[in-house]
Amino acid sequence: MTSSSAPFPGLPPRIALSPSRAADFQQCPLLFRFRTIDKIPTRPAEVAVRGTLVHQVLEDLFDAPQVERTLDLAKELLQPAWTKVLEQSPDSLYVVQPEAEFIPGESHSQVTATDVEVKAWAEDAIPLLEAYFEVEDPTHLQPEAREMWLSVTSEGGTPMRGIVDRLDVAPDGRIRVVDYKSGKAPNPRFQDKALFQMKFYALMLWRQRGTLPTRLQLIYLKSKSLLTADPTEEEITNFEVQVDELWSEITEAAANQNFPPKESRLCDWCDFQAICPAKGGELPAYPVI
Ligand code: SF4
């Protein structure tokens with residue numbers, strides 16, 4: 001049952017499309033439903049939490065005066081950054097204590113990681129910080145924004161939301177959108193998928209500021225490499241049509257409460273196999289919105 005007052009029947013109020021939600025739906029509509037509509041919590045993944053920690057350090061690094069942005073400072077920022085990550089997502093502690101039982105909705109206070117364990121775990125992020133300093137010199141950068149929230153509506157009415165890791169604006173007004181990835185650069189066959197997120201940000205910034213970013217830049221820390229693209233207005237206009245079509249598919253699926261499973265090799269990493277009918281599980285009832 002859905003409320004008739006919901007702007008998009010079958011979807012939560014105030015929902016918006018983000019790059020990760022779009023990727024979920026493209027991978028498997030049922031995966032999108034479990035994450036975004038049922039909101040079923042899953043155990044945090046170590047790689048994701050360490051990525052969040054490194055993002056936090058790189059965000060905080062730019063609070064320091066330009067000349068003080070050194071690798072040593074970045075290492076010192078690890079501990080306070082971990083405190084911030086835990087404040088925002090207490091369940092992150094489960095990655096430090098892998099044997100701890102994860103019970104969705106229960107307090108993280110059940111997880112009793114020692115400070116020594118946390119420190120050892122966090123220090124594994126140091127190679128990623130070292131890699132960052134090999135790829136960029138933050139003493140030469142003065143970002144306009146970090147962790148920048150964007151919320152816009154596309155020409156076709158798609159509510160869009162996202163967080164840009166870093167926005168650099170040159171004195172002549174040219175905009176560079178930067179995103180950090182803790183993993184390796186993708187195989188060229190999968191670069192379009194990686195750039196989907198960056199085009200999403202480019203479209204939002206264009207709609208919000210009236211200026212199309214000139215450069216989209218992904219920084220892959222594990223492989224110490226960059227993936228860049230310089231979008232054109234035609235390309236992002238076509239991308240907007242693609243986003244609107246995707247949103248239309250999502251709203252139609254929600255109106256019919258029909259998010260079919262779409263099997264692929266990625267199912268092996270899916271947290272919802274036990275409740276997926278394609279894997280022999282029993283599909284939960286559609287939630288009351
Ligand atoms: S197991 Fe596969 S088909 Fe089922 S929800 Fe997950 S990704 Fe979709």
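Residue-by-condition table, conditions (1) of a type outside the set (Lys, Arg); (2) more than 14 Å from the ligand (Cβ to nearest atom); (3) more than 24 Å from ILE40 (Cβ to Cβ):
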{"site": "GLN197", "(1), (2), (3)": "yes, yes, no"}
{"site": "GLN217", "(1), (2), (3)": "yes, yes, yes"}
{"site": "LYS224", "(1), (2), (3)": "no, yes, yes"}
{"site": "ILE236", "(1), (2), (3)": "yes, yes, yes"}
{"site": "PRO277", "(1), (2), (3)": "yes, no, no"}
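With respect to PRO213, is the statement that it is in contact (Cβ under 8 Å) with a residue 24 or more places away in the chain, within 16 Å of the ligand (Cβ to nearest atom) and surrounded by 15 or more Cβ atoms within 10 Å (Cβ to Cβ) true?
Values: in contact (Cβ under 8 Å) with a residue 24 or more places away in the chain: yes; within 16 Å of the ligand (Cβ to nearest atom): no; surrounded by 15 or more Cβ atoms within 10 Å (Cβ to Cβ): yes.
When the stated conditions are applied, PRO213 does not pass them.
Of all residues in the range 19-51 being touching a Ser or Thr at 6+ places or on another chain (Cβ under 9 Å) and part of a loop (DSSP other than H, G, I, E, B), which is nearest to the ligand (Cβ to nearest atom)?
Ranking the candidates gives CYS28 first.
Just checking, does the range 281-288 include any residue being at pLDDT below 95, under 26 Å from PRO13 (Cβ atoms) and more than 16 Å from the ligand (Cβ to nearest atom)?
So far as the range 281-288 goes, yes, one or more of its residues are at pLDDT below 95, under 26 Å from PRO13 (Cβ atoms) and more than 16 Å from the ligand (Cβ to nearest atom).
Would you say GLU46 is over 21 Å from LEU221 (Cβ atoms), modelled with pLDDT under 95 and out of contact with any Lys or Arg (no Cβ under 7 Å at 6 or more places or on another chain)?
Values: over 21 Å from LEU221 (Cβ atoms): no; modelled with pLDDT under 95: yes; out of contact with any Lys or Arg (no Cβ under 7 Å at 6 or more places or on another chain): yes.
No; evaluated as a whole, the condition is false for this residue.
Provide a single number: the residues in the range 266-282 that are farther than 17 Å from ASP24 by Cβ and not in a helix (DSSP H, G or I).
Within the range 266-282, residues that are farther than 17 Å from ASP24 by Cβ and not in a helix (DSSP H, G or I) number 3.
Consider PHE272 against the criteria (1) in the same structural domain as GLN191 (by TED's automatic domain parsing); (2) within 9 Å of the ligand (Cβ to nearest atom): it satisfies all of them except one. Which criterion is unmet?
The single condition PHE272 does not satisfy is (1).
State whether one or more residues within the range 89-96 are under 16 Å from the mean Cα position of the chain (by Cα) and more than 16 Å from the ligand (Cβ to nearest atom). Please lay out each step first, then the result.
Narrowing the range 89-96 to residues under 16 Å from the mean Cα position of the chain (by Cα): 89, 92.
Pick out the ones that are also more than 16 Å from the ligand (Cβ to nearest atom) and you get 89, 92.
Yes: one or more hits.
Return the residue satisfying two criteria in turn: it lies in the range 105-125 and is assigned to a helix (DSSP H, G or I) and among the β-branched types (Val, Ile, Thr), and of such residues it is nearest to PRO44 (Cα to Cα).
VAL118
Based on this model, can you work out whether LEU128 counts as surrounded by 12 or more Cβ atoms within 10 Å (Cβ to Cβ), in a helix (DSSP H, G or I), touching a residue at least 40 places away in the same chain (Cβ under 8 Å) and under 22 Å from the mean Cα position of the chain (by Cα)?
On the way: surrounded by 12 or more Cβ atoms within 10 Å (Cβ to Cβ): yes; in a helix (DSSP H, G or I): yes; touching a residue at least 40 places away in the same chain (Cβ under 8 Å): yes; under 22 Å from the mean Cα position of the chain (by Cα): yes.
So LEU128 fits the description; yes.
How many residues does the range 144-179 hold that are in contact with a Leu (Cβ under 6 Å, 6 or more places away or on another chain) and surrounded by fewer than 20 Cβ atoms within 10 Å (Cβ to Cβ)? Explain how you work it out, then say what you get.
So the first thing to find is which residues in the range 144-179 are in contact with a Leu (Cβ under 6 Å, 6 or more places away or on another chain), and the list is 144-145, 148, 158, 160, 162, 177, 179.
Now restrict to residues that are surrounded by fewer than 20 Cβ atoms within 10 Å (Cβ to Cβ): 144-145, 148.
Total satisfying the criteria: 3.
Quick check: is even one residue across the range 233-252 within 30 Å of ASP124 (Cα to Cα) and not assigned by TED's automatic domain parsing to the domain that holds GLU134? Write out each step before concluding.
Here is the first cut: in the range 233-252, the ones within 30 Å of ASP124 (Cα to Cα) are none.
For the range 233-252, residues within 30 Å of ASP124 (Cα to Cα) and not assigned by TED's automatic domain parsing to the domain that holds GLU134: absent.
Can you tell me which residue within the range 238-265, out of those that are within 8 Å of the ligand (Cβ to nearest atom) and exposed (fewer than 14 other Cβ atoms within 10 Å of the Cβ), is farthest from PRO29 (Cα to Cα)? Spell out the reasoning first.
Start the filter on the range 238-265 by keeping residues that are within 8 Å of the ligand (Cβ to nearest atom), which leaves 261-264.
Imposing the further condition that a residue be exposed (fewer than 14 other Cβ atoms within 10 Å of the Cβ) reduces the set to 263-264.
On the way: GLU263: 10, SER264: 12 Å.
Checking each candidate, the answer is SER264.
Of the residues ARG146, ARG161, which is over 25 Å from LYS75 (Cβ atoms) and basic (Lys, Arg)?
Working: ARG146 fails: over 25 Å from LYS75 (Cβ atoms).
When all the criteria are applied, what remains is ARG161.
For the range 47-83: of the residues being without any contact (Cβ under 8 Å) to a residue 40 or more places away in the chain and crowded, with 17+ Cβ neighbours inside 10 Å, which is nearest to the chain's Cα centre (by Cα)?
GLN56
The values are calculated or read from the model by the stated rules, or taken from the named source; none is laboratory data. On a predicted model such as this, the values are computed, not experimentally measured, just so you know. Ideal geometry is used to build each Cβ from the backbone, glycine not excepted, and the neighbour counts take in all protein chains shown.
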